[in-house]
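Since the structure comes first, as structure tokens, the remarks are kept for the end.
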Amino acid sequence: MYIILLGAPGVGKGTQSKRLMTKHGIPQISTGDILRAEVKKESTLGKRVKEIMANGELVSDDLILEIVERRLSQADCAAGFILDGFPRTIPQAEGLDEILRRLDNISVKVIEISVDDAEIIKRLTSRRVCGNCGTLYSILNKTLADLIPCEKCGSKDIFQRRDDTEETIKKRLGIYHETTAPLIGYYKAKGDFHSINGLQTVEEVSADIAGLFAKQLT
Ligand code: AP5
């Protein structure tokens, strides 16, 4: 199972990746999570990307491709992986093609999750994240106090991402439409491309994704 989850910020890529990871035991490779971990560690890489990420801009293709190639070469990726938030540009997609060729000609299924911009702004301004285990929460129908401690790990560190302000979300959406959305045509032309309505409930989106694999197995 080799999957690319494609879509704008906030469509639910992280949410669905985590569910797929739990269900199928394959790793979620989130370039955003990898970079945020480096920022948290205050590593050299983290210091380089901290302000770029906070401003909602993209990190350079070369750096991202280096990170992804290193990660995909690890043993736990041999039986499958879910790419979440990568690729995001045509050069990244071309670089990934090369990496997959080197990794025994792996072919990937590309699943686009689509949600309109107004809903995305609502979701991301309400998103809160557990700083310890990464569990995603929303304060849409809850208060922050309801979310503490984290129901999964008990941590009290429930925070809002620096790039989840309305101004930065709008900037991220602009970059998505201009730079990442062209990947839809790129992957449609290759064949194994599927689009899913992300305005459904989390469970319904998961069921649609599962349906794509059920078809493959029959
Ligand atoms: P990254 O971390 O990848 O962020 P993103 O793509 O902007 O996506 P998000 O994590 O914001 O959203 P998501 O689609 O995962 O939604 P989620 O499941 O959380 O990237 C961050 C930054 O890192 C970039 O801006 C860039 O600087 C850098 N970067 C990363 N990768 C890069 C790359 N390849 N190249 C260059 N730079 C890169 O859901 C959102 C909210 O909605 C949650 O609260 C969730 O609970 C809720 N929700 C989810 N599904 C549903 C549903 N069906 N109904 C209602 N609510 C839902």
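Below are the figures for this structure:
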item: Protein accessible area in the chain, 1.4 Å probe - carbon and sulfur %; result: 52 percent
item: Percent of beta bridges antiparallel (DSSP, the chain, rounded to nearest 5); result: 25 percent
item: Long-range amide H partners of residue 29 with built H, under 5 Å; result: 82, 83, 84
item: Farthest toward positive dipole pole in the chain [+1 Lys/Arg, -1 Asp/Glu at C-beta], among 85, 133, 191; result: 133
item: Rounded Å value of the spacing that divides the Cα centres of the stretch 85-135 and the stretch 1-65; result: 7 Å
item: Charged-residue dipole, Cβ positions (Lys, Arg, Asp, Glu), the stretch 80-140 about Cα centre, Debye nearest 20; result: 300 debye
item: Cysteines without a disulfide-compatible partner [the chain; Cβ-Cβ under 4.7 Å]; result: 77
item: Electrostatic dipole magnitude of the chain [Cβ: Lys, Arg +1; Asp, Glu -1; Cα centre; debye, to 20]; result: 480 debye
item: Charge dipole of the chain about the Cα centre (unit charges at C-beta), most positive-ward option of 105, 15, 67; result: 15
item: Residue 208 accessible area, 1.4 Å probe, all protein chains in place, Å² to nearest 10; result: 70 Å²
item: Cα gyration tensor shape for the stretch 101-152, rounded if a/c is under 1.5, else prolate or oblate; result: oblate
item: The chain: C-alpha gyration tensor shape, a/c 1.5 cut-off, then a/b vs b/c; result: rounded
item: Three-way shape call for the stretch 32-94 based on the alpha-carbon gyration tensor, with the a/c threshold at 1.5; result: oblate
item: Segments 40-52, 100-112, 79-91 sorted - mean Cβ within 10 Å per residue, highest first; result: 79-91, 100-112, 40-52
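The values are calculated or read from the model by the stated rules, or taken from the named source; none is laboratory data. All values reported here derive from a predicted model rather than from experimental measurement. Please note: Cβ atoms are built from the backbone with ideal geometry, for glycine as well, and neighbour counts cover all protein chains shown. For accessibility, only protein heavy atoms count, side chains too; no ligands or nucleic acids. Shrake-Rupley method; radii C 1.70, N 1.55, O 1.52, S 1.80 Å.
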